[in-house]
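Please read the structure below before turning to the comments.
The values are calculated or read from the model by the stated rules, or taken from the named source; none is laboratory data. On a predicted model such as this, the values are computed, not experimentally measured, just so you know. Virtual Cβ from ideal backbone geometry, glycine too; neighbours counted across all protein chains shown. Side chains included, ligands, DNA and RNA excluded: accessible areas come from the protein's heavy atoms. Shrake-Rupley method; radii C 1.70, N 1.55, O 1.52, S 1.80 Å.
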Amino acid sequence: MNSISQDPPHPHESSSPSPISLIPFENLAIVFQFVFQTDEFNCHTRLDLAIVCRKWRDTIYSHPRFWTNYCCSTYSTTFVKRSTELVPQLQRWFERAGALPLTLKLTMTPALPTPEELPALTSFLIQTTRWHSLHLRLVAGPETGYTDTWIWLDSLFSAVGAVLKEEGSSPWETLQKLEIEARDVRLQEFTRLPFARLAPNLRELKISLRQIPNAYRLVEGFVNPKELRRLEIDALINWKDDILPTFYYRTLAQAANLETLKVSDYGRGPAFFLFNFSETVPSFPVPNLTLTTLAIHDNRATRNCLQNLSLPSLTSLTLVSSKAEFRHHSSPSLAVTVKRLIARSDCKIKHVRLEDLDAARVYADLQPFIRLLTIVESLELLPSLNTRYLLFLLRIMSHETLDANPILPNLISFSVHWGSPMTQETKEVFTNFVEHPAR
């Protein structure tokens, strides 16, 4: 008797259904949503899960929200892989997202794409009009070193501006988050940063460059303050004239919804400036009711600005010491500056971070400053101190060199970093500070 042979079952399949295969499509999609949220930019996770079985594949491919985020890097120096494969790959991925907002994280190296590959990538970025978030990272390869030009990004912004001029609206109208990370790029003097026109609805803007030689670009059409929630700038900024106070006062006065402001300008603020207050702000102190996090370099110019601010919602303050010395008698001390800020704001600063502390300021500034932090819950110190000054600082905070008034009575978290080996004396002083009965 002849019998008809059947193909052997797939190694991953079974004659009896597994419990997970009985989960409805809708519930399975919810599970995948949680998986993708934990690592939203790991594109391989989607593809790996899609090959498990047909049901998982159909679930993933039929839900557009699983295809709204994409992260890629182009490390090849050949034109074929970078130009002919990248853009079609982006198009195929985002086509599955339907009409949902899109997020792209793109890393390119070397930092200067060739003229042949610029048109395809630039056209894709301006023809796709559903951008929610763009993260553009340019990295100089070993064969190129530092890049002293702004060619690729300048070309991209020019193309967006051309569309805006021709059609009356920007292709980046929906863009809410923009990150530009190009530590190997130095802006040219004439380069503009016209995000106020190109992306008028930005809520978060973060730019990281090697240098911004013309600080006027940060106040002339830089960003629309009305929608801004978060602003971060990391670059060596060449502040001129009164641009530094103009930038801070105008940004804080006009950005009524701003929650986070971080400016790492590497302490190059001017020591003195002539400032026309009436042209920038109507009166002092300059208020901002929503700012909760402020991180800036500590120098004479920023201290003068801090004294004239009212930030009632401020809870986190980071000060990075600059290398400039505070020798002029008109420079307010750190304690006086923060005391005036707190008095004018009635703010509750609970998190303080001090970076690049030097020995001179331990004696001059920190002792009275620490006594102001009566409600601080988290203190982080990143000093460039030797063991001697570190011990002095810890003794200050553990009352060994001060009176019995409480210091940091509400402190919950304390973090300190130093490069010297921890001696037995350091351990004892640190333990006394942590276990002090006042805390």
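Residues of segment 174-195 that are over 20 Å from Asn69 (Cβ atoms) and either modelled with pLDDT of 95 or more or assigned to a loop (DSSP other than H, G, I, E, B) (or both): Leu187, Gln188, Glu189, Phe190, Thr191, Arg192, Leu193, Pro194.
Taking each residue of segment 151-162 that is within 13 Å of Pro119 (Cα to Cα) and open to solvent by 10 Å² or more (accessible area, probe 1.4 Å) and looking for partners that are among the polar types (S, T, N, Q) and part of a helix (DSSP H, G or I) with beta-carbon atoms closer than 9 Å, six or more apart or interchain, yields Ser155/Thr122; Ala159/Thr122; Ala159/Ser123. Evaluated against (1) at pLDDT 85 or above; (2) touching a strand residue (DSSP E or B) at 6+ places or on another chain (Cβ under 6 Å), Gly267 falls short on exactly one condition, (1). Checked against the criterion of being modelled with pLDDT of 95 or more and of a type in the set (Val, Ile, Thr), segment 280-291 contains one or more residues that satisfy it.
Note on segment 317-347: residues that are more than 23 Å from the chain's Cα centre (by Cα), at pLDDT 90 or above and not aliphatic (A, V, I, L, M) total 7. Taking first residues from segment 50-63 that are part of a helix (DSSP H, G or I) and partners that are open to solvent by less than 70 Å² (accessible area, probe 1.4 Å) and of a type in the set (Lys, Arg), the Cβ contacts under 8 Å between residues at least 6 apart in sequence or on separate chains come to Ile60/Arg46. Close Cβ contacts (under 8 Å, 6 or more residues apart or on different chains) running from residues in segment 238-252 that are open to solvent by 40 Å² or more (accessible area, probe 1.4 Å) to residues that are part of a helix (DSSP H, G or I) comprise Asn238/Ala215; Lys240/Ala215; Lys240/Tyr216; Arg250/Thr280.
Can you tell me which residue in segment 163-206 is most open to solvent (accessible area, probe 1.4 Å), limited to those that are of a type in the set (Asp, Glu) and closer than 27 Å to Asp265 by Cβ? Among them, the one singled out is Glu189.
Inspect segment 232-255 for any residue being assigned to a loop (DSSP other than H, G, I, E, B) and modelled with pLDDT of 85 or more and give the result as yes or no. Among the residues of segment 232-255, at least one is assigned to a loop (DSSP other than H, G, I, E, B) and modelled with pLDDT of 85 or more, which makes the answer yes.
Within segment 97-108, residues that are farther than 17 Å from Trp172 by Cα sit with their Cβ atoms under 8 Å from residues that are open to solvent by 40 Å² or more (accessible area, probe 1.4 Å) and part of a strand (DSSP E or B), at 6+ positions apart or across chains, in these pairs: Thr107/Ser73; Thr107/Arg137; Met108/Ser73; Met108/Arg137. Residue count for segment 348-369 under the criterion of being part of a loop (DSSP other than H, G, I, E, B), open to solvent by less than 60 Å² (accessible area, probe 1.4 Å) and at pLDDT 85 or above: the result is 1. Looking across Leu411, Leu402, one residue alone is at pLDDT 70 or above, outside any helix (DSSP H, G or I) and not aromatic (Phe, Trp, Tyr). It is Leu411. Does Ser420 satisfy being at pLDDT 80 or above and surrounded by fewer than 14 Cβ atoms within 10 Å (Cβ to Cβ)? Criteria not met by Ser420.
Only one of the numbered conditions (1) touching a helix residue (DSSP H, G or I) at 6+ places or on another chain (Cβ under 6 Å); (2) modelled with pLDDT of 90 or more; (3) open to solvent by 10 Å² or more (accessible area, probe 1.4 Å); (4) farther than 20 Å from Phe222 by Cβ is violated by Gly98, and that is (2). Within this structure, Leu164 passes the test of being more than 21 Å from the chain's Cα centre (by Cα) and outside any loop (DSSP other than H, G, I, E, B). If you check Trp152 against the conditions, is it modelled with pLDDT under 90 and more than 23 Å from the chain's Cα centre (by Cα)? Taking the combined requirement at face value, the residue does not satisfy it.
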